[in-house]
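The values are calculated or read from the model by the stated rules, or taken from the named source; none is laboratory data. Because the structure is predicted, anything quoted here is derived from the model rather than measured. Please note: Cβ atoms are built from the backbone with ideal geometry, for glycine as well, and neighbour counts cover all protein chains shown. Areas reflect the complete protein model, heavy atoms only, side chains present, ligands, DNA and RNA absent. Shrake-Rupley method; radii C 1.70, N 1.55, O 1.52, S 1.80 Å.
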Amino acid sequence: MARTTGFQSVNRGSIPLGATKGGMPELVQWGGLENHLPLTGSGGSNPPPAAMEYYLEISKASDLKDKKEKIVYRFFEILPGTLSWLTLILALFLSYFAPTIVGIFIILFDLYWLLRVAYLSFHQVSCFLKMEKNLKVNWLSLARKMEGFEKIFHLVCLPFYKEGPEIIKSSLEAILNSNYPKEKMIVVLAVEERGGEKARKVAEEMKEKFSKKFYKFFVFFHPENLPNEIQGKGANVNFVIEKLKKEIKEIDPENIIFSVFDVDCRPYPDYFSLLTFYYLRLKKEKNVCFQPIPVYNNNVWQAPSFSRVVATSNTFWQMMQQERPEQLVSYSSHSIPFKTILEIGYPKNVVSDDSRVFWKAFLLKNGNFRAIPLFYPVSMDAVLGKNLWRTITNQYRQQRRWAWGAENIPYLFFGFLKNKKIPLSKKIKNSIIILEGFWSWAVASILIFLLGWFPVVIGGEKFKKTVLGYNLPKVTRNLMAISTFGMLICAILSLLILPKAPKKIKKLKKLSIFLQWVLLPITLIFFGSIPALDAQTRLLFGKYLGFWTTEKFRKNE
């Protein structure tokens, strides 16, 4: 058995589409995305040096040979966990020795969080309205009017390990049913060889069913234990890219948009047409990636309440980020010009490959790289195991893996030291955003829901008798009560993004979708702060995580 090749592709030939080559259509308010796009793209300006700088390929401090550089990188690895633990320890320590200071800090922090909830809720609603508008647009019709439409191919990569045929089949069917010419689509099943005979049989089944329905359909098997790799999605995708360099030479890479999807990802019907429209709208700019909104609707009626809350909270966070493109990075399922990915290479030695590919491009392009928000959804699976305990443990491990994205903090900070061409203002801005983001992830929920009472509980009788000590619980309780309007917005929007319920779903289940948000404080701590602290603590002590593949399970499919 050959270890480095997959099945032969099925080539249907290149079929011209006869789309009209019209001029640029009038710019209409389609979901607000036009606010983030220039009239013309940079066309991939600011080319990188011929040789890849060594610091772009670092995964951890031990990768560095220079002792001083290793110490600097290790310091940056220690930084996020140190800041988070120092915050919590100081809050506890000062609650006893200086409760007045902590009480004032807690009130100010709660007030800050109230204002932030209002700010983010506004963006959340705004993004939802733009997404709804985009779902009503005939993007294929608009894309056909763009010059160069007939040349654009979509290359979709679906890496998988042990997922069952029902998961992969539904994703392939969603791609097949999308509103884009299938003779302009290439699909790759990227199979982990360590998945064994079961994975091979699933791949053969999918090949038999779908291979003749696209321009090309590849199945590649990613071998185990290749050098300088972490077994997981990133290494698999990188292997696929190396194989594709030899397999699709007939197409100009500039005319290919590469989408890396999780294997459970089902794009909504106009995803590829919308993507084509904005790629051409940007004049095939190379210094961009494209980010859809992940909604976890595939198995939403099967998942337990806490899993739905965690998944939907992530959707809402991504919606907020879409409204703040200066903070948006590639996440989970995303798209990027194929010519760009050939230039930068897909990260194969890190866990957080989806965000690392963004930061790698950002450093390589001297800060001239950005994520374009699409305000358009792709549907994925909420965490669901074979029983409740499996679901709980899988949810925790998934959140810890996502929180391991803190490994990008030392990577970015070290890269900023090495790359002198990135403007200082960009370095400072992005450093604050990423560091504050992971700090808040780890400590904010604990500070809000737990530590607000500590000055009163352990600050002593003297503090309790002060005006501040007497009023602190009331003030914090009132501020948090006001901020629950954000939770109400989440509850309403969660109903609006739901798919149609199966007939067997009872009314009580539908009601629980709304009432489930009372679990938010619990999920924010146990599936938010704690796994984030876990990940940052491991990074602090150099106990590096490997890639853990989230179990995909659906009932009655």
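Mean separation of Cα pairs under 8 Å and 6 or more residues apart, divided by the residue count, gives the stretch 450-557 a relative contact order of 17 percent. Relative to one another, the C-alpha centroids of the stretch 409-456 and the stretch 489-538 are positioned 26 Å apart. Nonpolar atom fraction for the stretch 378-423, defined as the carbon and sulfur part of the 1.4 Å probe accessible area, stands at 57 percent. Calculated accessible area for the stretch 389-497 comes out at 48 Å² per residue, all protein chains present (probe 1.4 Å; ligands, DNA, RNA ignored). Around the Cα centre of the stretch 113-270, unit charges on the Cβ atoms of Lys, Arg, Asp and Glu (plus for the first two, minus for the last two) sum to a dipole of about 400 debye. Here the stretch 455-557 is treated with +1 on each Lys and Arg Cβ and -1 on each Asp and Glu Cβ, and its dipole about the Cα centre works out to around 580 debye.
Using the Cα gyration tensor of the stretch 476-557, with a ≥ b ≥ c the square roots of its eigenvalues, what is the shape: rounded (a/c below 1.5), prolate (a/b larger than b/c) or oblate (neither)? Oblate. Projecting the Cα atoms of Leu508, Thr484, Ile434 onto the dipole axis of the stretch 434-557, where Lys and Arg carry +1 and Asp and Glu carry -1 at the beta carbon, places Leu508 farthest toward the positive end. Measure up Lys386/Lys504; Lys243/Lys426; Lys429/Lys543; Lys169/Lys500; Lys213/Lys243 against 24 Å on the Cα-Cα distance and list the ones that go over. The pairs that break the limit, which is 24 Å between Cα atoms, are Lys243/Lys426; Lys429/Lys543. For a paramagnetic label modelled on Ala98 (point 7 Å from Cα along Cα→Cβ), amide N atoms under 16 Å away belong, within the stretch 452-468, to 455, 459. log₁₀ I(q)/I(0) of the chain at q = 0.08, 0.10 Å⁻¹, via Debye over equal Cα point scatterers, no solvent, to two decimals? Evaluating at q = 0.08, 0.10 Å⁻¹ gives log10 I(q)/I(0) of -0.55, -0.87. Note that the stretch 160-294 presents 31 Å² accessible area per residue, ligands and nucleic acids not counted, probe 1.4 Å. Spin-label model, Val475 to Glu254: label points 7 Å out along the Cα-to-beta-carbon direction sit 6.2 nm apart.
Note on the stretch 395-531: dipole from Cβ charges, positive end direction compared against Ala444, Pro473, Leu519; the farthest Cα belongs to Leu519.
Rounded to the nearest 20, the Cβ-based charge dipole of the chain about its Cα centre (Lys and Arg +1, Asp and Glu -1) stands at 620 debye. What shape does the stretch 268-420 have by the C-alpha gyration tensor, where a ≥ b ≥ c are the square roots of the eigenvalues, rounded means a/c under 1.5, and otherwise prolate means a/b greater than b/c and oblate the rest? Oblate is the answer for the stretch 268-420, as a/c is 1.5 or above yet b/c matches or exceeds a/b. Note on the chain: helix-only mean residue ellipticity at 222 nm, from DSSP H runs of 4+ residues weighted -39500 (n - 2.57) and normalised by residue number, equals -16000 deg cm²/dmol. Taking the charge dipole of the stretch 250-291 about its Cα centre, with +1 at Lys and Arg Cβ atoms and -1 at Asp and Glu Cβ atoms, the residue from Phe290, Ile251, Pro269 reaching farthest to the positive side is Phe290.
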